[in-house]
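K.L.:
My structure is below; once you've seen it, I'll send some questions.
The values are calculated or read from the model by the stated rules, or taken from the named source; none is laboratory data. As the structure is a computational prediction, the values presented were derived from the model and not from experiment. Glycine also receives a Cβ, built like all others from the backbone with ideal geometry; neighbour counts cover every protein chain displayed. To get the accessible areas, we keep the full protein, side chains included, count just its heavy atoms, and leave off ligands, DNA and RNA. Shrake-Rupley method; radii C 1.70, N 1.55, O 1.52, S 1.80 Å.
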Amino acid sequence: MRQAKQERMVGMFLTEPGVVVQRELPIPVPRPGEVLVQLRATGVCGSDVHYFRDGRIGRYVVREPLILGHETAGDVAAVGEGVTALRVGDRVALEPGIPCLQCAPCREGRYNLCESVSFMATPPVHGAFVEYVVHPAAFAFPLPDDVTYAEGAMAEPLAVGLQCISRLGDVLGCSVLVAGAGTIGQMAVLAARAAGAASVTVVDPVPYRLQVAREMGACEAVAPCDLDAGRLFDVSIEASGSQAAASLVMGQTRRGGRIVLVGLSTEGDVCIPVGSIVDNETDVLGVFRYANQYAKAIRLMASGVVKTLPLIGETFALRDVGAALAAADEHRDRCVKVLVLNSGKA
């Protein structure tokens, strides 16, 4: 086994809300079936921002110093015993959730529902704002030469968008409404267009995000007050987690239509009109992360069908993770995705 020469590495720890501290750590050694990856690009997710700002998301609480970050890509620096599909120097994107592969959801192929999943940057599991990580080789996906590290990092949120479409089923020729134009909403636009949707309409109160949605392929992108209240859509995706957005998609999806809920509220559960859902026989589906979407996400980016790089608004060095998290929180009116670069190149 070839081991990286460097013996120590830098890790960026969230020690309390709003405080990120740089610490030195030993470079981990891959065990059988694992690879050591030198990380190059890591995206800042909304969950990272919540942990940074509030120290928790629902029942997940940061009780000990935690390394955030889970949207990541880099280079294989060493391989553990038994790894044959990857070699040192291979460029990879890392799927951050490692399921048990033994429970009923795992055996059914819905490993995103595994109760024992170990997911990067979900307390107490450390994440990717660090120089090196060890990771199961089975969840390290090779990047084609024409897919950048930044795009490799974007495979994670794109996988969520693809999971939305997978849950909705066939959207070929459908009219699609997306409520919320953050990263996941934008990825839902890309996934819907790639799946053959006839039209995609995006609703969001932030003008900059509406502009980006048009660049992503939305046929129409408007503020909530400008959407025709009588207009009905075949399928809808709620990607903001707000009560207003949930009410909007419930009221503007046609009878017999389909709705997927992927946004998580930071203010408690939202209310949905059960009577209306029953009367209209509306299919209402939830989305939790993704399963079996990473390879497809990378193929779509490699083919040029999906372009994710325009979503990246600001970049920061690894040692400036605190500033990156603050920017992602404070610059939502002019930035969709913030990226942390370990090597200065994307």
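K.L.:
Report yes if Ala195 is touching a Leu at 6+ places or on another chain (Cβ under 8 Å), open to solvent by 30 Å² or more (accessible area, probe 1.4 Å) and among the small types (Gly, Ala, Ser), otherwise no. Break it down into steps so the answer makes sense when it comes.
P.N.:
Values: touching a Leu at 6+ places or on another chain (Cβ under 8 Å): yes; open to solvent by 30 Å² or more (accessible area, probe 1.4 Å): yes; among the small types (Gly, Ala, Ser): yes.
Considered against the rule, which asks whether it is touching a Leu at 6+ places or on another chain (Cβ under 8 Å), open to solvent by 30 Å² or more (accessible area, probe 1.4 Å) and among the small types (Gly, Ala, Ser), Ala195 comes out as yes.
K.L.:
Tell me which residues, restricted to the range 30-73, are over 25 Å from Val92 (Cβ atoms), β-branched (Val, Ile, Thr) and either touching a Pro at 6+ places or on another chain (Cβ under 8 Å) or open to solvent by less than 30 Å² (accessible area, probe 1.4 Å) (or both).
P.N.:
Val49, Val61, Val62
K.L.:
Scan the range 325-342 and tell me whether some residue there is in a loop (DSSP other than H, G, I, E, B) and within 16 Å of Glu71 (Cα to Cα).
P.N.:
Narrowing the range 325-342 to residues in a loop (DSSP other than H, G, I, E, B): 331-336, 342.
Of the ones still in play, those that are also within 16 Å of Glu71 (Cα to Cα) are 336, 342.
Yes - at least one qualifying residue is present in the range 325-342.
K.L.:
Looking only at residues that are assigned to a helix (DSSP H, G or I) and in contact (Cβ under 8 Å) with a residue 60 or more places away in the chain in the range 100-122, which one is surrounded by the fewest Cβ atoms within 10 Å (Cβ to Cβ)? Talk me through it step by step, then tell me what you get.
P.N.:
Pass one, the range 100-122, residues assigned to a helix (DSSP H, G or I): 104-107, 111-113.
Checking the rest, the ones that are also in contact (Cβ under 8 Å) with a residue 60 or more places away in the chain come to 111-113.
Working: Tyr111: 20, Asn112: 21, Leu113: 15.
It comes out as Leu113.
K.L.:
Return the residues of the range 230-239 that are assigned to a strand (DSSP E or B) and hydrophobic (A, V, I, L, M, F, W, C); say none if nothing qualifies. Give the steps one after another, and end with the answer.
P.N.:
Pass one, the range 230-239, residues assigned to a strand (DSSP E or B): 233-238.
Selection gives Phe233, Val235, Ile237.
Conditions (1) of a type in the set (Gly, Ala, Ser); (2) without any contact (Cβ under 8 Å) to a residue 12 or more places away in the chain; (3) closer than 15 Å to Ala191 by Cα, marked per residue:
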| site | (1), (2), (3) |
| --- | --- |
| Ser236 | yes, no, yes |
| Ser240 | yes, no, no |
| Ala245 | yes, no, no |
| Arg255 | no, no, no |
| Phe316 | no, no, no |
| Arg319 | no, no, no |
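K.L.:
Among all residue pairs at least 6 apart or on different chains, which show Cβ distances below 8 Å where the first residue, located in the range 303-314, is over 15 Å from Gln293 (Cβ atoms) and among the β-branched types (Val, Ile, Thr) and the second is open to solvent by 40 Å² or more (accessible area, probe 1.4 Å) and modelled with pLDDT under 95?
P.N.:
Ile312/Ala346
K.L.:
Answer with yes or no whether Ser265 is within 30 Å of Tyr51 (Cα to Cα), modelled with pLDDT under 95 and either part of a strand (DSSP E or B) or within 21 Å of the chain's Cα centre (by Cα) (or both).
P.N.:
yes
K.L.:
Turning to a different aspect of this structure: I'd like to know if the range 150-164 contains one or more residues that are open to solvent by 40 Å² or more (accessible area, probe 1.4 Å), touching a strand residue (DSSP E or B) at 6+ places or on another chain (Cβ under 8 Å), at pLDDT 95 or above and closer than 26 Å to Met187 by Cα. Even if it seems obvious, please write down each step before you answer.
P.N.:
Restricting attention to the range 150-164, the residues satisfying the condition of being open to solvent by 40 Å² or more (accessible area, probe 1.4 Å) are none.
There is no residue in the range 150-164 that is open to solvent by 40 Å² or more (accessible area, probe 1.4 Å), touching a strand residue (DSSP E or B) at 6+ places or on another chain (Cβ under 8 Å), at pLDDT 95 or above and closer than 26 Å to Met187 by Cα.
K.L.:
From Ser236, Ser175, grab the single residue that is under 20 Å from Ser276 (Cβ atoms), of a type in the set (S, T, N, Q) and surrounded by 24 or more Cβ atoms within 10 Å (Cβ to Cβ). Can you show your working first?
P.N.:
Numbers: Ser175 fails: surrounded by 24 or more Cβ atoms within 10 Å (Cβ to Cβ).
Only one candidate qualifies: Ser236.
K.L.:
So, one more: Picking from Arg31, Arg53, Arg23, which residue would you name as being more than 23 Å from Gly152 (Cα to Cα) and in a helix (DSSP H, G or I)?
P.N.:
Numbers: Arg31 fails: in a helix (DSSP H, G or I); Arg23 fails: in a helix (DSSP H, G or I).
Only one candidate passes the filter, namely Arg53.
K.L.:
Within the range 240-251, which residues are open to solvent by less than 20 Å² (accessible area, probe 1.4 Å) and either part of a loop (DSSP other than H, G, I, E, B) or β-branched (Val, Ile, Thr) (or both)?
P.N.:
Gly241, Val249
K.L.:
Considering the range 268-301 alone, what residues qualify as being open to solvent by 40 Å² or more (accessible area, probe 1.4 Å), assigned to a loop (DSSP other than H, G, I, E, B) and among the hydrophobic types (A, V, I, L, M, F, W, C)?
P.N.:
Once the filter is applied, which keeps residues that are open to solvent by 40 Å² or more (accessible area, probe 1.4 Å), assigned to a loop (DSSP other than H, G, I, E, B) and among the hydrophobic types (A, V, I, L, M, F, W, C), the range 268-301 yields Val270, Cys271, Ile272, Phe288.
K.L.:
With respect to Thr282, determine if the residue is closer than 29 Å to Gln22 by Cβ and either touching a Cys at 6+ places or on another chain (Cβ under 7 Å) or not aliphatic (A, V, I, L, M) (or both).
P.N.:
Values: closer than 29 Å to Gln22 by Cβ: no; either touching a Cys at 6+ places or on another chain (Cβ under 7 Å) or not aliphatic (A, V, I, L, M) (or both): yes.
Spelling it out, it is not the case that Thr282 is closer than 29 Å to Gln22 by Cβ and either touching a Cys at 6+ places or on another chain (Cβ under 7 Å) or not aliphatic (A, V, I, L, M) (or both).
K.L.:
Against the conditions (1) more than 22 Å from Asn292 (Cβ to Cβ); (2) surrounded by 20 or more Cβ atoms within 10 Å (Cβ to Cβ); (3) of a type outside the set (Asp, Glu); (4) under 15 Å from the mean Cα position of the chain (by Cα), where does Val79 fall short? Just the number, please.
P.N.:
Answer for Val79: the failing condition is (4).
K.L.:
Within the range 312-344, take every residue that is in contact with a Lys or Arg (Cβ under 8 Å, 6 or more places away or on another chain) and within 20 Å of Glu95 (Cα to Cα) and give me the one that is surrounded by the most Cβ atoms within 10 Å (Cβ to Cβ).
P.N.:
Asn342
K.L.:
Do you know which residues across the range 65-82 are assigned to a loop (DSSP other than H, G, I, E, B) and under 27 Å from Lys337 (Cα atoms)?
P.N.:
From the range 65-82, those assigned to a loop (DSSP other than H, G, I, E, B) are 65, 68-70, 80-82; that's our starting set.
Pro65, Leu68, Gly69, His70 - these are the residues of the range 65-82 that are assigned to a loop (DSSP other than H, G, I, E, B) and under 27 Å from Lys337 (Cα atoms).
K.L.:
Restricting attention to the range 209-223, which residues are part of a helix (DSSP H, G or I) and open to solvent by 60 Å² or more (accessible area, probe 1.4 Å)?
P.N.:
Result: Gln211, Arg214, Glu215.
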